[in-house]
Amino acid sequence: MYGYILSLVPDWNDADEILQETCLRLWERFDAFEPGTDFGAWACTIAKFQVLTFRKTKSRNKLLFSDEFINLVAAEQNTQAELLDSRRTALERCIEKLSERNRQLLRSCYESNTTIAQVAKQIGRTAEATYKALQRIRATLHDCIDRRLSSEGGGR
């Protein structure tokens, strides 16, 4: 959400202030949030309105973005959030299709606080062989995600 606010406001201090106000509004309006809907999109909508409110109070500043620009960025953020959600879901499905050995290698490399060299030692491989195996797994996942999204009509 902070990154989203920063994309709409050029000053970090202003973004910090808007984030605080947004968090306050989210807390005040939390009972209006409908479980099962996209919390991120809801929070960003409230952040957008906080940016617009902030702009009205600081209208003398010449470095403000137009309302049209803010609306365009907000629409793009929603589109990107949907795409990222689709990609994350596709990734989860594609990981399920991997062999148990490959899933375990991914878990060892990404879910723990260990280096590739440490993982390689644990599984009895060289670090280079482990890197190559991860590279093949990533390529397989990338292709699987692209195929899944293409078949669902949610391509890039």
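No lab work stands behind these numbers, since they all come straight from the coordinates. Just so you know, these numbers come straight off a predicted model, no measurement behind them. Note: ideal-geometry Cβ built from the backbone for every residue, glycine included; neighbour counts use all protein chains shown.
Okay, here's what the table says:
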| read-out | value |
| --- | --- |
| Residues that are touching a Cys at 6+ places or on another chain (Cβ under 8 Å) and of a type outside the set (A, V, I, L, M, F, W, C), drawn from the range 1-32 | Y4 |
| Helices (runs of 4 or more DSSP H) lying entirely in the range 51-125 (those with 2 or more residues that are β-branched (V, I, T) and closer than 30 Å to L149 by Cβ) | 67-97, 116-123 |
| Failed item, numbered, when C44 is tested on (1) surrounded by 11 or more Cβ atoms within 10 Å (Cβ to Cβ); (2) out of contact with any Phe, Trp or Tyr (no Cβ under 7 Å at 6 or more places or on another chain); (3) farther than 30 Å from A133 by Cα; (4) not basic (K, R) | (2) |
| Selection count, the range 126-149, where residues are loosely packed, with under 12 Cβ neighbours inside 10 Å and either aromatic (F, W, Y) or not in a loop (DSSP other than H, G, I, E, B) (or both) | 6 |
| Per-region count, the range 27-50, residues part of a helix (DSSP H, G or I) and over 20 Å from N71 (Cα atoms) | 5 |
| Test: residue in the range 83-102 that is free of Cβ contacts under 8 Å to residues at least 60 places away in the same chain, within 30 Å of D11 (Cα to Cα) and out of contact with any strand residue (DSSP E or B) (no Cβ under 9 Å at 6 or more places or on another chain) | yes |
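Conditions (1) farther than 28 Å from D143 by Cβ; (2) of a type in the set (K, R); (3) surrounded by 12 or more Cβ atoms within 10 Å (Cβ to Cβ); (4) in contact with a Pro (Cβ under 6 Å, 6 or more places away or on another chain), marked per residue:
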{"residue": "W12", "(1), (2), (3), (4)": "yes, no, no, no"}
{"residue": "A15", "(1), (2), (3), (4)": "yes, no, yes, no"}
{"residue": "W27", "(1), (2), (3), (4)": "yes, no, no, no"}
{"residue": "G36", "(1), (2), (3), (4)": "yes, no, no, no"}
{"residue": "T53", "(1), (2), (3), (4)": "yes, no, yes, no"}
{"residue": "S86", "(1), (2), (3), (4)": "no, no, yes, no"}
{"residue": "T89", "(1), (2), (3), (4)": "no, no, yes, no"}
{"residue": "I95", "(1), (2), (3), (4)": "no, no, yes, no"}
{"residue": "R107", "(1), (2), (3), (4)": "no, yes, yes, no"}
